[in-house]
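Since every read-out is calculated from the coordinates, none of them should be taken as a lab result. Quick caveat, the model's predicted, so the values are computed rather than measured. Here Cβ is always computed from backbone atoms with ideal geometry, including for glycine, and neighbour counts include all displayed protein chains.
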Amino acid sequence: MGLPLLTLEADLDNDGLFSTNWTPWLIKVIDVGLSRQTALDDFSPRRMKIVLDNDTSRFSPKNTLGPYSGKLLQGTRIRLKAKVTMPLAKNLLPNPSLETNETGWVVIFVGGGIKSRTSIAAKYGGLGYQISQTVTGGWSAEAGTGTAPTQALDYTASIWARALNPIAVGDNVRIELHETGGASGDASTDGAFTSLSRIWQRLEVTHNIAESDRTDLVLKFRREDSDFQAGETVGLDGAQIEQVPSAGLYVDGDQPGAVWGGVAHASTSSRVVDPEFTKFVGDLQDFEPQRTPDRHGRAVFTATGFMDTALRTNISAGPFMRETAEIIAIRVMDIIEAQVAKRLLGLEGELFTDPADRNGGDTWTTISGTITQETDQGEAGANPIVFGSLEGDNATEFTTDGVGNQAEGYIDLFPELTVNKKYRFSCWIKANSAGEVGETVRMFVNTPAGNLGNVDIVLSQVWQRASVQGLVETGATFARFNIFTPILFPNSTDKFLVDGFHASPSLDSAGVVGAPTFLGTKWGDTIEYIDRYRQSAGGMLRELAASVGGWVHEAGDGGLVFEDYSQRDPAVVSVAKLRLSGDHELGGIPFKIKKYIQPTTSQAGTVRVASYGELVSIPSMVTANFAKVVFNLEGGPFALTANEQRTFFAKHVTGSEQAGALIVRRAFAFSLPTGGWAVGDDGIQTPYAIVYGRGSDLIIKDPGSAASVHRFLLVGESLQARSTERSFVDEGAGDPLMELDMPAQGLKTQQMTDLATWAHTRYNAHPALLTVEIAGLTPELQLEIFGRDVGVPVWVQHGAATGDPQGGFGINALFYCEGTKFTYEKGQTPKLTMMLEEG
């Protein structure tokens, strides 16, 4: 058996490059993974514990003569990879395992029969082809590649088959590979007849292409002996056609280390030579010295993943208003990257001084057109609920000139950065109105050596992220962040908005930041507000996930995965990608049961989903019957300079206000001039508040008249002042009560009801908890150990439920993986532990 190759590397210089190789000293991986008990719990950070050879004290943190003196600190980044030795594989059949449909397959019955996709006929994934004869007579199942083969090359077809009932045992079957199309008749090679048994067998045949004008290759599985019996039932799965002289390990895009060439289950699939999996990227936390009985020195290191780092990073990111959860998450990831670079790695951090345009924005050099600051209030007119910015309250607005209808400008970030370092630059762009939709805007970063990269955005009325990254070379004297219209706009008054700027040392090489993965159906939904302001990054990401009924966890490479509850709903994700079986007859991956828990009582007699309530605007104070002052700026009159904008932060919820917190997301604030209450008096045109569940930004801007503000209040209507902060949706009427939080939804009762219905159905069904272990005895099993992670749907079959004698442990059900942990000792068999919750 070939053993996997593990690689352990360290980034001792905090430059994002894992340039120090610790592999020669790696003795044992005690465990790597992350887990939770149920789909209702948050994931903890990914964790790793390893043992290194320390006979020479090279890994002793206080060894001042050692090669890593002063660098083995809490926060030192390390990365673990695992490589499985196997050849290149490519499956030319587009639908080899029939997981989603029968497209591309034809079954021909001589007499009569029934075909269906069932779990009992599956060897890979959740479903396979079950074919039954209803009368005597032969049959064949056929599938083609739909592509032209190459003359004189060898192609091998293979398929797995077994008898699904006793009368099919002993059936003689064979596989054929046909080259079709072109001027000549079909040519084929037939495999030898094989006698079916209850255990899966792989049939294969190799054919050399005779003609140059063939258009297709077709695999045919035949049952055509004379001893037919009505009722014979056969299972087929794992079909494959490869351009090789003999069959290789089965591959489709759902298998670890493999990808689909296009649409899943409707395209070719392939796996690279010696696939490699990044299993951990994170920070050292503590060191434990050890000695073996024969006095050999050992160093035991514990490390945690990026989420642990993020939890310790405070950011100011709110509010995001009426944007999709996916957009907010990506923007927050940029903010996190800058904070991690600065606070934890000692690098520059964010290069933009005002990335959310809160205080007038950074200074632009205008080349053509005009570049101005635009507030939400200015964009929205009299309706404070409508807004134009991505984050905060302002956006940078580009207006084309009246000559070539172009707009261009740049910000030189060079004074803020360090040369010979890799940086990421990004921003968000959208059309100002429907009239600019379809036009093109380009973002690029220019240095003396040329452009680091550029990206074109075709404008829509949804924010889109433009991002480039590259090395700012030694000797650079400028690094210009450019926004440019490469194609002339139709009109001289066309506008587009830019917001959410970001430039910081790139952490991509550490796998920390980049494009996060979004799994599920809820991430495109609009979020009304995020009640996180000057909070930890980890807390904000978790609240964002909860807002769509989901969670966030780390992938092995350090990137973040956002999932919602639909990924644990059998009505949405019902087909298993991994099959575990304790019976050779059933195929699947062999496993060992470590622990089984079956709840005896209902976990959710009633499910209550809570949110922060309705979004309400406070009416004009001229007519308002208000009863509660939520914020009062004291200290007497204050003067605004011409065009000055000021922002005040008001925290509503104090000990005396717990039951009367303001629910509104956005409302007017008012200045009080000497003449009495009025909106717009004293030249103040834009007083308003951005209100989150527990706090507000109060913004007031002078229009150019250097106004004097005598009083500045935010008030709540009497009804709102007495109301609770949250609204609820209930499902069920029994005990116990399960409370779930779905913040930032307002009264979006459909989303809240969907979550409540799912949770009530699932946790009234007593879902079992199962812990299993897989041993990597073969390269195929090693792929499963290193290539599987949390979230994968797993079909588990074992024991009495599948026909074992009485007394065997029986189970035959769909589970979802909620935790993984793999262990490995040099020269030994790797093992994977999976924590599963029944679906």
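Details
- One equal scatterer on each Cα of region 184-275, no solvent, Debye formula: the resulting log10 I(q)/I(0) at q = 0.23, 0.25 Å⁻¹ is -1.32, -1.39.
- Calculated FRET efficiency for the pair V419/Y596, C-beta based, R₀ 45 Å, to 0.05: 0.15
- Inter-label distance, nm, simple model (7 Å from Cα along the C-beta direction), N314/T194: 6.5
- Percent of Cα-Cα distances greater than 21 Å, calculated over region 89-271: 46
- Whole-Å distance, taken between Cα centres, linking region 723-799 and region 1-65: 30
- Figure legend: label point modelled 7 angstrom from the Cα of Q464 along Cα→Cβ; residues of region 413-436 with amide N under 17 Å from it are 426-436.
- Proximal lysines relative to K701, as straight alpha-carbon distance under 25 Å, when same-chain residues fewer than 8 apart are discounted: K430, K495, K628, K651
- Pair-distance distribution of region 450-524: all C-alpha pairs, bin width 5 Å, starting at 0; shares per bin in whole percent are 3, 8, 18, 20, 19, 15, 9, 6, 2, 0.
- Label point at V169 placed 7 Å out along Cα→Cβ; residues across region 182-205 whose backbone nitrogen lies under 15 Å: 195-201
- Entries of K49/K279; K83/K422; K594/K831; K28/K83 with Cα pairs more than 23 Å apart: K83/K422
- Share of Cα-Cα pairs in region 252-354 lying beyond 23 Å, as whole percent: 60
- Couplings for region 587-603, taken from phi via the Karplus curve 6.51 cos²θ - 1.76 cosθ + 1.60 with θ = phi - 60°, read x, x, 8, x, 8, 10, 7, 9, 7, 9, 10, 10, x, 9, 10, 4, 8 Hz in order; Gly and Pro are left as x.
- Take each peptide in 426-433, 102-109, 140-147, count the other Cβ atoms within 10 Å of every residue, and average; sorted highest first, the result is 426-433, 140-147, 102-109.
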